[in-house]
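Worksheet for the structure shown next.
The values are calculated or read from the model by the stated rules, or taken from the named source; none is laboratory data. Since the model is a prediction, treat every value here as computed from it, not as a measurement. Glycine also receives a Cβ, built like all others from the backbone with ideal geometry; neighbour counts cover every protein chain displayed.
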Amino acid sequence: MIRKFLMYMCAVIIIPCQAYALDITVGATTWYAWGNRYENTQDYSIRTNSNYAFDPAFLYGPAIAVKINDDFNLTFVYLYSKFDYKENVYKDSGGTYFVKSNITRSDSDLAVNYRLNNYLKLFVGGKYLGYKIKLSYDDTNDERFYANAKHNSIGPGLGLNCTYPIIDNLFILGTISGFYLWSTGEEFEDYGLYSHKYTKPVSMTVGYNEYGINTNISAAYYIAPISTVISLGFRYQYFITDYKEYDAFYIDNIKNQFYGITLTATYTFSL
């Protein structure tokens, strides 16, 4: 799924380059982010609400832009990372549990940008979020349970970019956007995520929608002799995972937030 999506993104960007003389920008971006998630459950006899914190980690990946003309350009960004949960403790009717887990995460955006004036651009496009979760639960009876989940969602996004010159080649960049995504994959549980009764893997498909916001502000400096831009800033992302079938999965929704420092370097050339 992810491989096909990325191949499509690259094709959308590269094919126009074969027909026109365009300005191409390529580079790399990183995001050193902290995060947490809050699970809101409906059946409190099964499981209490849980608030998980993530250990900070780097997300990293390519950043590509294609300037079609003075008014339109295409942008593509892909970020990948592995996060670890800090150890958490929660209690329910089954006892006390010590939870450890990690997440492999992919976050991708493809957008068409339209210049409104010298400072503002409106953009619309598509967003993909995907991650795999591995959990282990140790209880007070020295029993251990494992759980895994695959999570994929895709949908539209809309937002504004702002570029404001400060002095010479120094700029302030700002972005705010919203998105609404639909699930495209399966979530499943193994070896008793919510019950001690399971003796073999149990899996289920659970539908959900996701919606949220992205914001970013950074300072950028253009190094003219080498046609390179270096930017340093801060990014915040908040989104809600809203499950359609919480009666089976015991989770109504999950509130997710990630925030941290960004660093990007890009080089521009013409074809």
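Annotations
- Verdict on K244 being exposed (fewer than 14 other Cβ atoms within 10 Å of the Cβ), modelled with pLDDT under 95 and touching a Gly at 6+ places or on another chain (Cβ under 8 Å): yes
- When each of Y80, Y137, Y114, Y146 is tested for being buried (at least 19 other Cβ atoms within 10 Å of the Cβ) and either at pLDDT 70 or above or at negative phi (or both), the lone residue that passes is Y137.
- Residue in the range 176-189 that is among the aromatic types (F, W, Y) and at pLDDT below 85 present: yes
- Among residues of the range 205-220, those that are modelled with pLDDT of 95 or more, surrounded by 15 or more Cβ atoms within 10 Å (Cβ to Cβ) and either closer than 15 Å to E39 by Cβ or over 20 Å from the mean Cα position of the chain (by Cα) (or both), counted: 1
- Meets criteria (under 30 Å from L122 (Cβ atoms), aromatic (F, W, Y), more than 19 Å from the chain's Cα centre (by Cα) and modelled with pLDDT of 65 or more) for F72: yes
- Any hit, the range 13-23, residues being surrounded by 16 or more Cβ atoms within 10 Å (Cβ to Cβ), among the β-branched types (V, I, T) and at pLDDT below 55: yes
- The range 104-126 residues that are free of Cβ contacts under 8 Å to residues at least 24 places away in the same chain, paired with ones that are part of a strand (DSSP E or B) (beta carbon under 6 Å, 6 or more apart): L116/L122
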